[in-house]
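Just below is one structure, and these are the notes that go with it.
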Amino acid sequence: MAATTTRALLLAIVSTAALLGTALSASYTVGAPGGSWDLKTNSTRWASGVKLYAGDQLRFQYAVAEHNVVEVTKSGYDACNVSNNTVATYQTGNDTIPLIAAGSRYFICGVPGHCAAGMKLQVNVSSQQTPPPPPPPPPQQQCRMRKGKLRCNRPASPSSSASAAAGVDRSAVAWLKLAAVVVAGLVLLC
């Protein structure tokens with residue numbers, strides 16, 4: 001009995017930890033969907049269309065024989081120089097780099113001439129979003145007596161285009177995933 005309980009508890013902890021990481025982060029492939037880490041992709045344009053948060057991951061995919069990824073300081077980025085400016089070097093062709101904290105990060109290709117040709121990326125990582133405020137309460141139905149009959153006005157329902165325009169906040173989705181993980185963990189324990 002104790003071994004079964006311990007095993008269930010361990011499974012719940014491991015599952016929760018794995019799913020928690022997934023629920024609260026996103027992974028972005030540099031240059032996707034139309035490009036990758038190469039000389040043809042405009043990395044600056046790609047970065048301008050992505051909002052990164054602490055906990056997210058950057059994924060660099062490239063031909064190993066042709067490129068690499070070097071994380072550098074700002075001065076190394078500005079000068080396209082890896083000498084004394086290197087933070088880390090990646091060479092697998094499928095590198096996943098966690099963005100742990102808020103701040104700017106700088107990446108270049110260390111192959112001579114590639115950074116100067118535009119193969120460089122600066123990303124700005126924001127701190128994790130807070131959950132959005134709760135939605136306002138729905139409009140109340142109004143009723144009154146008219147000529148001896150009860151007449152009620154239906155509140156206008158929001159149009160589907162208004163809800164589509166509002167979009168779904170990614171932190172709200174993350175909180176829902178987190179709640180599902182907690183519930184699943186509790187079910188495993190019972």
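The values are calculated or read from the model by the stated rules, or taken from the named source; none is laboratory data. Computed from a predicted model, the values in this text were never measured in an experiment. All Cβ positions, even for glycine, are placed from backbone atoms using ideal geometry, and neighbour counts span all protein chains on display. When the accessible area is computed, the model is the full protein with side chains, heavy atoms only, and any ligands, DNA or RNA have been set aside. Shrake-Rupley method; radii C 1.70, N 1.55, O 1.52, S 1.80 Å.
Atom-type composition of the exposed protein surface of region 29-128 places 50 percent of the accessible area on carbon and sulfur (1.4 angstrom probe). Estimated from the Cβ-Cβ distance and a Förster radius of 45 angstrom, the FRET efficiency linking Ala101 and Gln140 is about 0.50.
Among the trypsin sites (Lys or Arg not before Pro) found in region 48-110, those both in a DSSP coil and sparsely packed, with 16 or fewer other Cβ atoms within 10 Å of their Cβ, are Lys51. Seen from Glu71, the other residues with C-beta closer than 13 Å to its C-beta sum to a net charge of +2, counting Lys and Arg as +1 and Asp and Glu as -1. Scanning residues 5 or more positions from Leu52 or on other chains, those with amide H under 5 Å from its amide H are Ser126, with H placed 1.01 Å from N in the peptide plane.
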